[in-house]
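So the structure is just underneath, and the comments pick up after that.
Nothing in this text is a laboratory measurement; each read-out follows from the coordinates by a stated rule. Note that the structure is predicted; figures quoted are calculated from it, not measured.
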Amino acid sequence: MAGAIFMSNTATRELCFRTNIFGLPIDYQPFVENIREGMPLFLFDHNERKLYGVFEAASDVAFHLLDIKLRIQLEET
């Protein structure tokens, strides 16, 4: 996989930017397991119909089980 586009609404986009983390429901585990350190990432806000990026994955995917979300820590490039 050369890169990934994550979907969000305005509220979750603001949370992603505040925490430098992209998150998805556990149902997306097969998709996110392909994310690797250095991979280009984008965030699409479907409320605003606006694409944000380019971001770079700071690490391979990490699973945060307390709130059952898949997370990827981001570094803005």
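Annotations
- Theoretical gain in end-to-end length, Ile26 to Asn47 [0.36 nm per residue, Cα-Cα removed]: 5.3 nm
- Residues whose amide H lies under 5 Å from that of Ile35, counting only those 5 or more places away or on a different chain, are Val61; hydrogens are built 1.01 Å from N in the peptide plane.
- Per-residue HN-Hα couplings for the range 22-39 [Karplus 6.51, -1.76, 1.60; θ = phi - 60°; Hz; x = Gly/Pro]: 9, x, 9, x, 4, 4, 8, 3, x, 5, 6, 4, 8, 6, 10, 3, x, 5
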